[in-house]
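The values are calculated or read from the model by the stated rules, or taken from the named source; none is laboratory data. Since the model is a prediction, treat every value here as computed from it, not as a measurement. When we count neighbours, we look across all protein chains shown, and the Cβ atoms used for this are built from the backbone with ideal geometry, even at glycine.
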Amino acid sequence: MKIDILTLFPEMFQGVLGSSILKRAQEKEVVKINLINFRDFSTSKHKTVDDYPYGGGNGMVLKPEPIFAAVESITDHEKARIIMLTPQGKTFNQRIAEELKEEKHLIFLCGHYEGFDERIREHLVTDELSIGDYVLTGGELATMVVMDSVVRLLPGVLGNEGSVETDSFSTGLLEYPQYTRPEVFREWKVPEILLSGHHQKIEEWRRKESFKRTLERRPDLIDINKLDEKDRALIKELKRD
Ligand code: ADE
């Protein structure tokens with residue numbers, strides 16, 4: 001996968017791209033990530049990228065010219081998904097991450113402080129995403145969130161491939177509780193069943209705990225119509241408890 005990031009603050013990405021999974025994915029050449037400062041594409045004397053809004057009002061608006069020029073400088077940009085990060089976008093989730101991981105080329109467009117000229121939205125961008133109902137100073141942090149969740153899904157990035165499949169949301173349910181050594185910590189014991197070595201019983205316990213947690217915390221994630229008889233019975237039992 002190739003990822004191009006258009007930003008006025010490329011230095012914000014150094015920590016995230018130079019650590020952990022995103023670092024490893026680049027080293028393994030599963031992904032090539034390229035930072036582009038679109039100020040470099042301004043043709044004005046003072047390298048301006050924004051201007052006052054027509055019609056008046058507060059704040060500045062990002063001009064179309066440098067952003068169009070920066071995108072058009074990217075090889076094969078016509079085939080890429082061009083993703084703008086704003087609070088007005090569609091709310092990002094695991095389903096969208098799964099969809100984006102199939103793409104060969106993503107271009108992320110980050111604004112900062114200010115809005116985008118509407119023509120960028122109408123004639124350049126293919127997707128507009130938000131990472132939640134709150135306002136960030138810019139699209140950079142949102143781009144890091146989306147990029148991280150997509151890149152970790154690419155084959156060969158995570159050591160243990162199974163861990164993606166059991167993540168919260170991949171199964172449609174929240175993750176079950178996990179424990180490691182010691183067996184007793186400050187008098188708090190690990191549930192007996194996990195020490196039993198009885199794989200089928202452990203699977204059943206985990207599925208039940210996943211449902212329990214999801215019912216308690218995110219009942220909106222459970223679609224009764226999509227469950228089989230066994231899981232419906234499990235839900236009934238949990239609701240009774
Ligand atoms: N830019 C500012 N706030 C944002 C948000 N919540 N999601 C995506 N991009 C943003």
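A quick yes/no check of all residues on (1) more than 16 Å from the ligand (Cβ to nearest atom); (2) over 24 Å from the mean Cα position of the chain (by Cα):
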{"position": "30", "(1), (2)": "yes, no"}
{"position": "45", "(1), (2)": "yes, yes"}
{"position": "48", "(1), (2)": "yes, yes"}
{"position": "56", "(1), (2)": "yes, yes"}
{"position": "107", "(1), (2)": "no, no"}
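Here is a yes/no grid of residues against (1) touching a strand residue (DSSP E or B) at 6+ places or on another chain (Cβ under 6 Å); (2) more than 19 Å from residue 130 (Cα to Cα):
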| site | (1), (2) |
| --- | --- |
| 5 | yes, no |
| 21 | no, yes |
| 27 | no, yes |
| 35 | yes, yes |
| 43 | no, yes |
| 69 | no, yes |
| 74 | yes, yes |
| 84 | yes, no |
| 100 | no, no |
remark   = Scanning region 149-193 residue by residue, those small (Gly, Ala, Ser), surrounded by fewer than 16 Cβ atoms within 10 Å (Cβ to Cβ) and free of Cβ contacts under 8 Å to residues at least 60 places away in the same chain turn out to be 159, 162, 163, 172
inquiry  = Tell me yes or no: at least one residue of region 168-179 is outside any loop (DSSP other than H, G, I, E, B) and either touching a helix residue (DSSP H, G or I) at 6+ places or on another chain (Cβ under 8 Å) or not assigned by TED's automatic domain parsing to the domain that holds residue 94 (or both).
reply    = no
request  = With the checklist (1) touching a residue at least 40 places away in the same chain (Cβ under 8 Å); (2) surrounded by 15 or more Cβ atoms within 10 Å (Cβ to Cβ) in hand, flag the one item residue 212 doesn't pass.
outcome  = (1)
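Which residue out of 61, 125, 146 is surrounded by 17 or more Cβ atoms within 10 Å (Cβ to Cβ), more than 23 Å from the chain's Cα centre (by Cα), within 16 Å of the ligand (Cβ to nearest atom) and not charged (D, E, K, R)?
Values: 125 fails: more than 23 Å from the chain's Cα centre (by Cα); 146 fails: more than 23 Å from the chain's Cα centre (by Cα).
Result of the check over 61, 125, 146: 61.
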key: Selection within region 64-93 - in contact (Cβ under 8 Å) with a residue 60 or more places away in the chain, surrounded by fewer than 15 Cβ atoms within 10 Å (Cβ to Cβ) and more than 16 Å from the ligand (Cβ to nearest atom)   = none
ask   = Which residues, counting only those in region 108-134, are of a type in the set (A, V, I, L, M) and over 26 Å from residue 19 (Cα atoms)?
value = 120, 124, 125
